Structure formats: C-alpha cells, structure tokens
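Remarks on the structure that follows.
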Amino acid sequence: MSSKIIPAKRTENITYAVRDIVVLANEVAKTGKEMLYLNIGDPNLFDFEPPKHLVEATYQAMLRNKNGYSPSSGIKEAVEAIRKEGNKKGIDNILDIFVTTGASEAIDICLTALVNEGENVLTPTPGYPLYTAIQSKLQAYENPYYLDEENNWQPDINDIKKKINDKTKAIVLINPNNPTGSLYSTEILEEIVKLALEHNLVIFADEIYDKLLFDGKKHVSIGSLNKEVSCITFGGLSKNYMVPGFRIGWGIISGKDENLREYIEAINKILRARLSANHPEQYGLVAALEQDQSHLTIAMAKLAKRRDLTFEMLNAIPGISCVKPEGAFYAFPRLHTNKPDFDFVKGLLKETGVVVVHGSGFGQLPGTQHFRVVFLPNEEILTKAYNNIGAFYKKFLGE
C-alpha cells in the first residue's frame with residue numbers, strides 16, 4: 001500500500017515573490033488581455049543586449065571543445081580577471097576567488113558553509129528574497145534589518161545594532177539595492193564595517209548591479225574600506241553584462257587569513273563537491289571584464305530616461321510616493337493606504353494586465369505597503385503601465 005511522499009520541513013517557508021506572481025500572470029494572459037510586464041529584471045526581454053565579444057568568446061571556447069569540467073573554483077583566466085576587477089574596486093587583500101553558477105549559487109554556498117540551524121544572518125528589508133529562502137532551507141531564523149525610506153533607503157544603523165545577537169553570523173548588503181534602487185553612502189558602509197569587526201560578522205556584499213549607476217554616482221565596495229573585516233563580495237555577468245541566462249557569478253573573499261582560513265576551506269569543500277560552473281562561459285567572463293565596456297554607456301542612457309519617467313509618473317499619482325533610484329533598474333513605490341499591497345498587485349494584474357511585484361514579497365516596515373517595478377521596458381510601455389496604475393489605484397482606494 002502506497003502513501004503520499006512528505007516533503008522536508010525546511011521547504012515550508014520558501015517563497016519567491018518575483019516568480020510566484022508569474023503564476024497568476026500566466027492565468028490572466030490566457031484570457032487574451034494585453035500584458036505589460038514590469039516584474040522580472042531580465043534585460044534580454046527588452047532592448048538590451050550583451051557585448052558581442054562576450055558571446056563570441058563563449059562560442060569560440062565551445063568550438064575549441066572547452067566543454068568538459070573546469071577547475072572547481074574556475075579557470076585561471078577567469079579567476080585572474082575577477083582578481084583584477086576586485087583590485088579596481090579597491091579590494092587588495094584578496095584571499096580566495098571562485099566562479100559559480102550565477103551569484104545566487106555563490107551566495108547559497110557561502111551561507112551553507114557558515115550558518116548552522118538556529119543561527120541567523122542579518123538581511124536587508126526590503127531585500128532580495130533569495131536570502132530568506134536559503135535561510136529557510138538551512139533552518140536558520142530570519143533576522144531582518146530595515147532600510148530607511150525617509151533616508152533614501154539607506155540601512156538603518158540603529159536597527160542593525162538592535163538586531164545583532166550571539167547567534168548572528170553575518171550581515172547581507174545589497175548595494176545597489178534590489179528592490180529599491182538605492183546606493184549606500186560611504187558613511188553608512190563604514191558604520192557597518194565597525195559593527196562587523198566588533199561582533200565578528202562576515203559581510204556578504206552583493207554588488208551585482210555595481211556598474212548600473214545614475215547621475216554620475218560612484219559605487220563604493222565595502223570590501224575596500226578595511227583590510228581586516230571578513231567580507232565576501234559577490235558579482236556576476238547577469239545584470240552588468242546582460243546575460244542572466246548564462247548563470248555566471250563569483251565571490252571574492254577578503255580579510256585576515258587567520259580568521260577566514262577554515263571558512264574558506266569549508267566553502268571550497270562545497271565547490272569541489274558540486275564540480276564546476278559552466279566551462280565555456282568562463283571565457284566569456286574574461287572577455288566581458290577585460291574588453292570594451294561601451295555597452296554600459298548605451299544601456300545607462302536608456303535606463304536614465306526610464307528611471308526619470310518612472311520617478312515622475314509614479315510620484316504624480318495621488319497616494320503614491322517613490323524614492324528616486326540611484327542604481328540598478330528597480331523602483332519601490334509606496335502605497336499610502338492600509339489595504340494589503342498584494343491585493344493591489346493582484347487587482348491591478350487582473351484588471352489592467354500590468355504585472356508588478358507586491359512589496360511584502362521583499363519585506364517592508366510593518367504597517368507600510370509597497371510594490372516593485374522594473375523599468376527595463378521602453379518609455380511607451382512604461383507610460384501605458386503607469387497610466388494604468390494611476391487609474392486602477394484611484395479605483396482601488398475607492399472600493
């Protein structure tokens with residue numbers, strides 16, 4: 001006699017709002033309604049392309065039959081290219097570098113090698129839901145710290161101080177931030193370095209959007225601010241180089257060797273056990289980092305116009321406010337209502353075909369309601385979507 005298979009308890013609290021909303025969107029699309037997708041940060045769905053030399057280098061590597069396993073940490077050329085990239089960011093005390101299947105795998109491996117059941121990692125709220133999903137899998141408990149909307153979505157240092165306890169192992173920074181588009185100030189980063197040193201925390205510096213900056217802003221890598229702080233800087237090709245489907249990312253470990261030696265070996269145990277990242281695409285990584293960067297100039301010219309349009313049109317809607325994004329391609333507008341943001345997002349999708357993601361899927365200050373928009377689509381699509389949002393929100397408030 002057979003009975004149903006019971007899944008592991010560690011999966012019970014795993015959610016991923018960005019993809020979960022697609023299930024409902026697919027149902028609405030079946031009705032024939034025109035869909036306006038502002039939900040997934042995939043540049044390739046719109047008018048963005050990777051540098052041709054990146055694609056060509058990958059193709060040539062495949063023709064040269066670089067199609068077997070690579071070394072677990074990555075080919076020498078890729079590791080060296082990442083080292084140079086780290087040095088450009090000011091990280092000059094590098095202890096180890098590894099190439100992974102997207103930055104997501106690097107983050108998963110590093111959390112897995114560090115956090116035991118019942119321990120915790122400080123994660124930004126709002127923040128990318130990958131971190132809380134991995135923590136749930138590891139049976140760690142969530143320890144969110146808040147970003148301050150009144151201060152351009154900078155990390156709230158006082159809140160971080162309150163949240164650190166004897167089970168806290170690390171602090172995550174997403175800079176520029178997903179979902180808010182905020183760029184962290186040097187002063188805030190220096191405060192976080194002090195806390196990390198004082199409490200022996202590892203800093204997880206997620207800098208996947210570090211080249212997508214507006215208004216001449218400069219990105220400061222937290223790993224460059226102190227040679228002794230334990231830091232892992234994550235990067236990848238997905239966003240800066242417009243190839244999210246390549247799934248190529250990396251981690252740069254910096255700090256004091258005597259403090260990190262055992263942890264680095266634990267990370268490498270996992271790297272060896274999962275064999276390797278995609279081999280030929282690592283040659284594309286080398287080409288991307290070391291050759292012409294003009295694709296960024298083209299991309300940022302488009303994104304700047306779309307960011308400005310997003311900021312202006314959303315703030316023009318009565319009852320909605322939006323902090324101006326300084327990096328990446330996201331905005332996180334606030335709904336000034338007590339009605340749940342998921343109800344707004346669901347109703348908007350069903351009535352207008354506009355797909356955004358509910359703010360509660362990224363975390364937010366209790367009592368506030370938000371939604372995330374991706375402003376990768378062209379101005380025509382964005383204008384239509386924001387007009388629809390404004391019209392629907394007026395109706396939503398009146399219900």
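Computed from the coordinates by the stated procedures, all read-outs in this text should not be read as laboratory data. Since the model is a prediction, treat every value here as computed from it, not as a measurement. Every residue, glycine among them, receives a Cβ derived from its backbone with ideal geometry; neighbour counts consider all protein chains shown.
I'd like the distance between the alpha-carbon centres of segment 185-233 and segment 257-309, rounded to an integer number of Å.
So the two Cα centres are separated by 17 Å.
Give the angle, between 0 and 90 degrees and rounded to the nearest 10, that separates the Cα long axis of helix 341-352 from the longest principal axis of the Cα atoms of the chain.
So the helix axis and the longest Cα principal axis differ by about 60 degrees.
Subtract the Cα-Cα distance of Asp47 and Arg83 from 0.36 nm times their separation in residues, and report this length gain in nm to one decimal. List each step's numbers first, then the result.
On the way: separation 36, 0.36 × 36 = 12.96 nm, distance 3.09 nm.
Residue separation times 0.36 nm, minus the Cα-Cα distance, leaves 9.9 nm.
May I ask you to derive the FRET efficiency for Ile40 and Ala391 from their Cβ-Cβ distance with R0 = 35 Å, giving the value to the nearest 0.05?
So the FRET efficiency works out to roughly 0.90.
What FRET efficiency, computed as 1/(1 + (r/R0)^6) with R0 = 30 Å and r the Cβ-Cβ distance, is obtained for Glu228 and Ile6, rounded to the nearest 0.05? Can you show the working numbers first?
Numbers: r = 47 Å, r/R0 = 1.55.
Step by step, r from the Cβ atoms, then E = 0.05.
In whole angstrom, and with the biggest value first, how far do the Cα coordinates of the chain range along each principal axis?
So the three principal-axis extents are 65, 61, 51 Å.
Calculate the FRET efficiency for Lys33 and Lys324 from the Cβ-Cβ distance with a Förster distance of 25 Å, rounded to the nearest 0.05.
Plugging the Cβ-Cβ distance into 1/(1 + (r/R0)^6) gives 0.20.
Return one number: the angle in degrees, 0 to 90 and rounded to the nearest 10, between the long axis of the Cα atoms of helix 52-63 and the longest principal axis of the Cα atoms of the chain.
Helix 52-63 sits at roughly 50 degrees to that axis.
Can you list which of the chymotrypsin sites (Phe, Trp or Tyr not before Pro) found in segment 81-157 are DSSP loop residues with at most 13 other C-beta atoms within 10 Å?
The qualifying sites: there are none.
Loop-only check: which chymotrypsin sites (Phe, Trp or Tyr not before Pro) in segment 1-94 are DSSP coil with at most 12 other Cβ within 10 angstrom? If you can, show how the numbers build up before the last one.
On the way: sites: Tyr16, Tyr37, Phe46, Phe48, Tyr59, Tyr69; in loops: Tyr16, Phe46, Phe48, Tyr69.
Listed in order of number, the matching sites are Tyr69.
Using only Cα atoms and rounding to the nearest 10 degrees, what angle (0 to 90) does helix 379-398 make with the longest principal axis of the chain?
60
Please say if segment 187-252 is rounded, prolate or oblate, where rounded means a/c under 1.5 for a ≥ b ≥ c the square roots of the C-alpha gyration tensor eigenvalues, and otherwise the choice is prolate for a/b larger than b/c and oblate otherwise?
The shape class here is oblate.
If you average the alpha carbon positions of segment 102-172 and of segment 353-399, how far apart do those two centres end up, in angstrom?
Cα centroid to Cα centroid, the span is 26 Å.
Quick one: work out the % antiparallel among DSSP beta bridges in the chain, nearest 5.
55
If the only charges are +1 at each Lys and Arg Cβ and -1 at each Asp and Glu Cβ, what is the size of the charge dipole of segment 206-268 around the Cα centre, to the nearest 20 debye?
Taking the Cα centre of segment 206-268 as origin, the dipole is about 320 debye.
Nearest 5 is fine: what % of DSSP beta bridges in segment 52-290 come out antiparallel, could you say?
Bridges in segment 52-290 that DSSP calls antiparallel: roughly 45 percent.
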